[in-house]
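The values are calculated or read from the model by the stated rules, or taken from the named source; none is laboratory data. Keep in mind the model is a prediction, meaning the values are calculated, not measured. Don't worry about glycine lacking a Cβ; one is built from the backbone with ideal geometry, like all the others, and counts go over all protein chains shown.
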Amino acid sequence: MSASAPAILVRDLHKAYGDHEAVRGIDFEVATGEVFGLLGPNGAGKTTTVEILEGYRSRSGGIVSVLGHDPGQRARALRERVGIVLQSTGMYRHITPREALAHFARIYPRPRDVEEVIRISGLVEKADAYVRTLSGGQRRRLDLALALVGDPELIFLDEPTTGFDPAARRNAWEVIRSLQELGKTILLTTHYLDEAQALCDRVAIVKDGRILAEGAPGELGAASTRYRVAWRGPEGEMQSRELEDPTALLHQLTSAALARGESLQDLSVTRPSLEDVYLELTAEEPEEALRG
Amino acid sequence: MADAVVIAYRQWRLERRMFWRNPTAAFFSFVLPLLFLFLFGAIFSNDQETLDVIVPGILGLSVMSTTFSALAMNITFLREEGVLKRIHGTPMPPVSYLAGVAANAVSNAAFQVVIVVLAGRLFFGIGWPKDWLELAVFAVVGVATLAALGVAFSHVIPNFDAAPAYTNIVFLPVIFISGVFYDVDTAPQFLTDIARVLPLTHVIDGFSAAMVSGAALSDHVGDLAVVAAWGAFGAIFAVRGFSWESRRS
């Protein structure tokens with residue numbers, strides 16, 4: 001395997017459950033050391049895609065390579081190099097985080113130091129408490145800690161911060177950034193746009209089993225040819241409009257304000273954000289939205 | 001290979017530690033057979049013939065409840081909780097995991113054997129087992145078979161809410177038919193015929209020979225063969241059909 005080979009390569013991936021096609025031809029690559037995000041609403045096919053890459057599910061078609069392995073073969077050599085945070089998993093109840101980490105660390109050939117993992121995942125105070133007494137957020141930190149304890153090269157994070165309070169989320173982001181600095185490759189799924197924006201080098205927006213857009217979070221919006229103009233109207237309410245060329249609108253707004261002898265409040269001219277692109281791409285069809 | 005054995009050993013140690021931390025499970029495993037022994041001991045205290053049947057029977061019941069029932073329920077619980085799925089994402093060799101879990105059940109069964117043998121000697125006039133080797137052989141083969149059948153049976157159980165019902169609908173008829181509380185040969189013919197097919201009957205026959213009558217192991221090769229056949233059947237289904245994820249997800 002050459003140094004430039006991608007950590008993850010997915011070509012024309014398909015997955016059907018009976019008649020239902022959950023994944024309908026997905027392609028992407030994740031370079032070594034990159035943080036790649038799969039962004040999309042629930043049921044878009046994110047988790048199915050990730051679980052195929054993790055080796056939990058078989059695929060109906062397409063090519064998948066993870067660190068040079070076909071994950072469907074479930075080679076132990078691959079699992080020794082991969083850390084997984086699933087969307088929901090349980091842990092034994094009558095065990096402490098320190099014991100759990102020590103136990104799982106020993107399955108890997110070159111584990112990280114357990115005390116260090118406890119520290120970076122924010123579990124110092126709960127390291128010796130039974131898992132059954134941990135809160136949802138604390139259990140999620142343990143999930144992350146267990147994924148890191150084998151010192152993996154590639155880490156899958158399926159909605160890693162769901163259920164976190166804002167402080168815990170920031171902390172998790174710091175951990176993920178520190179992993180990136182260590183040169184780890186990360187595949188993240190999320191439906192938080194700020195999370196994708198804050199962490200990912202590149203994101204793919206997924207809906208109905210297909211990738212609708214792919215690129216750096218900042219560029220996805222900038223690639224759009226439209227501008228978004230927002231301002232505070234004379235009655236004090238915020239207004240906004242999106243258009244290709246804002247020149248005429250800006251002229252109109254400024255002259256109207258000058259004529260009234262007022263200043264124009266809260267004026268902004270922006271390219272659509274990742275959020276705008278996301279909402280536009282993942283919007284339900286009108287009739288579906290009415291039915292839903 | 002050596003590595004897989006070491007991992008299995010560590011899994012077993014972890015299971016032991018967790019077992020003692022869950023007082024309800026620990027209580028049930030050890031108090032239930034004692035309770036049965038003392039109840040029947042009190043009822044039949046003057047009837048040595050019946051005690052001779054019941055004490056090995058209670059040992060069979062205890063072994064089945066700590067292996068078959070406990071494993072069927074635990075595996076279902078761990079599967080539904082997602083613990084199995086997590087383990088499946090690590091480099092843990094599946095064989096090591098299953099061996100560690102089964103060894104935990106075997107440890108509990110070993111405790112039961114000690115408790116019942118001691119109680120038989122101290123309170124029920126049975127004396128020390130006549131044939132220790134025979135007792136050990138039937139304990140090992142019986143426990144391994146019932147453990148494998150417990151893991152295999154967990155595949156049939158749809159979810160944890162249903163686990164006690166599924167487990168007991170097998171456990172309760174089997175302990176009655178297999179002659180835990182009476183001598184199988186005195187039962188109606190159709191029940192005797194069913195009993196002769198079930199593994200627990202033959203495990204209890206072996207215990208009875210080893211503890212009470214002293215009939216030689218060579219006279220009970222047939223019993224051993226039936227139990228081993230069930231064991232092979234259970235082991236194949238336990239491993240081949242093993243599912244790491246609940247069907248709900």
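Only a single item in (1) crowded, with 21+ Cβ neighbours inside 10 Å; (2) more than 14 Å from every other protein chain (Cβ to nearest Cβ) is not met by B:G41, and it is number (1).
Evaluation of A:S88 against the conditions (1) within 14 Å of another protein chain (Cβ to nearest Cβ); (2) touching a residue at least 12 places away in the same chain (Cβ under 8 Å); (3) closer than 30 Å to B:A25 by Cα shows that the sole unmet condition is (2). Hey, can you tell me all the residues within the range B:183-205 that are polar (S, T, N, Q) and either touching a residue at least 24 places away in the same chain (Cβ under 8 Å) or crowded, with 20+ Cβ neighbours inside 10 Å (or both)? Selection gives B:T201 alone. Looking only at the range A:123-150, filter to residues that are within 12 Å of chain B (Cβ to nearest Cβ) and in a helix (DSSP H, G or I); which one of those is modelled with the lowest pLDDT? The qualifying residue modelled with the lowest pLDDT is A:R139.
Per-residue answers, yes or no, for (1) within 14 Å of chain B (Cβ to nearest Cβ); (2) charged (D, E, K, R); (3) within 23 Å of B:T90 (Cβ to Cβ); (4) free of Cβ contacts under 8 Å to residues at least 24 places away in the same chain:
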position	(1), (2), (3), (4)
A:P6	no, no, no, no
A:D19	no, yes, no, yes
A:F28	no, no, no, no
A:G37	no, no, no, no
A:G68	no, no, yes, no
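Checked against (1) more than 14 Å from chain B (Cβ to nearest Cβ); (2) without any contact (Cβ under 8 Å) to a residue 12 or more places away in the chain; (3) within 25 Å of A:G33 (Cα to Cα), A:A77 passes all but condition (1).
Cβ-Cβ contacts under 8 Å between residues 6 or more apart (or on different chains), taken from a first residue in the range A:252-275 that is touching a residue at least 60 places away in the same chain (Cβ under 8 Å) to a second residue that is surrounded by 10 or more Cβ atoms within 10 Å (Cβ to Cβ) and in a strand (DSSP E or B), are listed as A:L274/A:V203.
Which condition from (1) crowded, with 17+ Cβ neighbours inside 10 Å; (2) over 21 Å from A:I52 (Cα atoms); (3) under 10 Å from the mean Cα position of the chain (by Cα) is the one that A:A172 breaks? Result: A:A172 passes all but (3). Scanning the range B:139-161 for residues that are over 16 Å from the mean Cα position of the chain (by Cα), without any contact (Cβ under 8 Å) to a residue 40 or more places away in the chain and part of a helix (DSSP H, G or I) yields one hit, B:D161.
If you go through the range B:184-239 and pick out every residue that is in a loop (DSSP other than H, G, I, E, B) and over 20 Å from the mean Cα position of the chain (by Cα), you end up with 5. Could you please let me know if A:L123 is among the hydrophobic types (A, V, I, L, M, F, W, C), within 26 Å of the chain's Cα centre (by Cα) and within 26 Å of B:G100 (Cα to Cα)? No; evaluated as a whole, the condition is false for this residue. Among the residues of the range B:27-45, those identified as at pLDDT 80 or above and either of a type in the set (F, W, Y) or not in a helix (DSSP H, G or I) (or both) are B:F36, B:F38, B:F40, B:F44.
If you go through the range A:253-272 one residue at a time, do you hit one that is closer than 14 Å to A:L38 by Cβ and modelled with pLDDT under 85? Looking through the range A:253-272, none of the residues is closer than 14 Å to A:L38 by Cβ and modelled with pLDDT under 85.
Taking the listed residues A:L188, A:L212, the one that is farther than 26 Å from A:A105 by Cβ and part of a strand (DSSP E or B) is A:L212, with no other qualifying.
Residues that are more than 14 Å from chain A (Cβ to nearest Cβ) and either touching a Ser or Thr at 6+ places or on another chain (Cβ under 8 Å) or in a helix (DSSP H, G or I) (or both) do occur in the range B:81-98. Could you tell me whether B:I54 is in a helix (DSSP H, G or I) and within 23 Å of B:A210 (Cβ to Cβ)? So B:I54 fits the description; yes. Looking only at the range A:158-176, decide whether some residue is over 19 Å from A:G45 (Cα atoms), acidic (D, E) and touching a residue at least 12 places away in the same chain (Cβ under 8 Å). Yes, there is a match, as at least one residue in the range A:158-176 is over 19 Å from A:G45 (Cα atoms), acidic (D, E) and touching a residue at least 12 places away in the same chain (Cβ under 8 Å). Annotation: of all residues in the range A:151-169 being part of a strand (DSSP E or B) and within 14 Å of the chain's Cα centre (by Cα), the one that is surrounded by the most Cβ atoms within 10 Å (Cβ to Cβ) is A:L157. The numbered conditions (1) in a helix (DSSP H, G or I); (2) modelled with pLDDT of 90 or more; (3) among the aliphatic types (A, V, I, L, M) are all true for B:A109 except (2). For the range A:39-57, which positions are part of a loop (DSSP other than H, G, I, E, B) and either over 27 Å from A:T162 (Cα atoms) or within 13 Å of chain B (Cβ to nearest Cβ) (or both)? Across the range A:39-57, the qualifying residues are A:G55, A:Y56, A:R57. I'm trying to understand the selection: among the residues of the range A:222-244, which are outside any loop (DSSP other than H, G, I, E, B) and either among the aliphatic types (A, V, I, L, M) or not assigned by TED's automatic domain parsing to the domain that holds A:L267 (or both)? Selection gives A:A222, A:V229, A:A230, A:M238, A:L243. Entry remark, the range B:86-132: residues being over 30 Å from A:Q87 (Cα atoms) and among the aliphatic types (A, V, I, L, M) number 14 in total. Within the range B:163-182, the residues that satisfy the criterion of being surrounded by fewer than 20 Cβ atoms within 10 Å (Cβ to Cβ), hydrophobic (A, V, I, L, M, F, W, C) and either without any contact (Cβ under 8 Å) to a residue 24 or more places away in the chain or not in a helix (DSSP H, G or I) (or both) are B:A165, B:I169, B:L172, B:F176, B:F181.
Considering B:A119, B:A102, the condition of being away from chain A (no Cβ under 12 Å) and surrounded by 21 or more Cβ atoms within 10 Å (Cβ to Cβ) is satisfied by B:A102 alone.
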